[in-house]
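Some notes on the structure that comes next.
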Amino acid sequence: MNNKELIISGHVFKSWAPSQYSIERRAIKHAFSILKMFTVKPLSNEKVTLQFQGESVSTKTMKDGYFNFRIPFDKPLTSGWYPCSVRCDYGKFNIVTNGEILKPHTGRYGIISDIDDTFLISHSSNIFKKLYVMLTQNIDKRKIFDDVPSHYQALSMAGLKDNNSFNSFFYVSSSEWNLYSFIVAIANKYRLPKAVVKLKKIKTGLGDFFFTGGGSHDHKFEKIKDIISFYPELDYVLLGDDSQKDPYLYERICKVFPKNIKAIYIRQTGNKPKEKVKSILKNVRSLNVKYLYFNNSSDAIAHSKDIGIIEK
């Protein structure tokens, strides 16, 4: 939400929603839960109604069960998270879910982070290892990189004096919407900043699971572009990794928004830096954007202090 418009999106399913499958089960039961998340049955052209701040607005779902409200809204609200609800009346069932809408603090930073291999150890460059980890490691076993919470929490408070304020976080990933609840649970487990989550189009067949996170990554570029266009008053810090296309996408973003990007952080996932990534980041520097190609988040924290984003 900004001062003129609010946006909220989601899905409606005939089957259980992916979030209804436990991510705490062990062994084969965990694998079963993950696979079931990718065999959902969406409801198309169903009426959904948004309730927010006394407003009631209805629309209908798309073919894949997706709905997206974009509503003119200029009611003055202070910055923060605000509750909302979405209802779908399907036959004899009244499906109601509660969510939250963010109004960011103005004049501060926006933090946009990838997920897989940026903060969550996922092995994205090796599809077989990635699938093995997804199917065999439940929420209790999945790990994030050391010092990520410290860095992200510091970025959340960067440039702010009021302890009740925070910079807005956005998690933008090539993972599909099927994994939304798992991603939120990981963020909560490791006390990462609360964020708006932007994911890839939902998958509805078991065969799609074997290509999870793959294909074109242009959707990430479009989602990041939409975020910055929606909140053009913010300076942005972009965090990604070198396992897929983040450096290329972030370079494009810098070219489109030459005054909005404060810094870029790219995690090195292999044994040595990639020469193509180093070349891209040198070009980013020529656009007056600070960057760090790093192994350890402790180095990223030190860099953020050195360039004045977070306090020493």
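The values are calculated or read from the model by the stated rules, or taken from the named source; none is laboratory data. None of these values were measured; they are calculated from a predicted model. Quick reminder, even Gly has a Cβ in these numbers, built from the backbone with ideal geometry, and neighbours come from all protein chains shown. In case anyone asks, the SASA skips ligands and DNA or RNA and just uses the protein heavy atoms, side chains included. Shrake-Rupley method; radii C 1.70, N 1.55, O 1.52, S 1.80 Å.
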Q.
Which log10 I(q)/I(0) values does segment 87-173 give at q = 0.24 Å⁻¹ under the Debye formula, counting every alpha carbon as one identical point scatterer?
A. -1.12
Q) Averaged per residue, what accessible area in Å² does the chain show with a 1.4 Å probe, protein chains only? A) 50
Q: For residue 274, go through the aspartates and glutamates and keep the ones whose alpha-carbon is under 15 Å away, minus same-chain ones fewer than eight residues off.
A: 241, 242, 246
Q. Given a 1.4 Å probe and every protein chain left where it sits, what share in percent of the accessible area of the chain is carbon and sulfur?
A. 50
Q) Using only Cα atoms, what is the ratio of the radius of gyration of segment 144-290 to 2.2 N^0.38 Å? A) 1.09
Q | Cα gyration tensor shape for segment 22-166, rounded if a/c is under 1.5, else prolate or oblate | A | oblate
Q) Along the charge dipole of the chain, which of 72, 172, 124 sits closest to the positive end, that is, farthest toward it, with unit charges on the beta carbon of Lys, Arg, Asp and Glu (+1, +1, -1, -1)? A) 124
Q: Sort segment 254-312 into rounded, prolate or oblate with this rule: let a ≥ b ≥ c be the square roots of the eigenvalues of the Cα gyration tensor; rounded if a/c is under 1.5, and if a/c is not under 1.5, prolate when a/b is larger than b/c, oblate otherwise.
A: oblate
Q. In a shell of Cβ-Cβ distance under 15 Å around residue 306, excluding residue 306 itself, what net charge do Lys and Arg (+1) and Asp and Glu (-1) give?
A. +3
Q: Sort segment 131-194 into rounded, prolate or oblate with this rule: let a ≥ b ≥ c be the square roots of the eigenvalues of the Cα gyration tensor; rounded if a/c is under 1.5, and if a/c is not under 1.5, prolate when a/b is larger than b/c, oblate otherwise.
A: prolate
Q) For segment 203-312, what is one quarter of the convex hull surface built on the Cα atoms, given in nm²? A) 8.5
Q) According to the Kirkwood expression over distinct Cα-Cα pairs, how big is the hydrodynamic radius of the chain, in Å? A) 20.5
Q) What residue among 93, 221, 145 shows peak mean-square fluctuation when the chain is described by a Gaussian network model with Cα springs under 10 Å? A) 93
Q. For residue 47, which lysines qualify as cross-link partners when the Cα separation must be under 22 Å and same-chain residues fewer than eight apart are set aside?
A. 14, 60, 63, 92, 201, 203
Q: Could you tell me the distance between the Cα centroids of segment 224-245 and segment 265-290, to the nearest Å?
A: 16
Q) Given the alpha-carbon gyration tensor of segment 28-97, what are the semi-axes of its equivalent ellipsoid in whole angstrom, ordered largest first, with each equal to the square root of 5 times an eigenvalue? A) 29, 17, 12
Q: Please report, in debye to the nearest 20, how large the charge dipole of the chain is about its Cα centre when each Lys and Arg carries +1 at its beta carbon and each Asp and Glu carries -1 there.
A: 480
Q: Using amide H atoms built 1.01 Å from N in the peptide plane, name the residues 5+ places from residue 46, or on other chains, whose amide H lies under 5 Å from its own.
A: 61
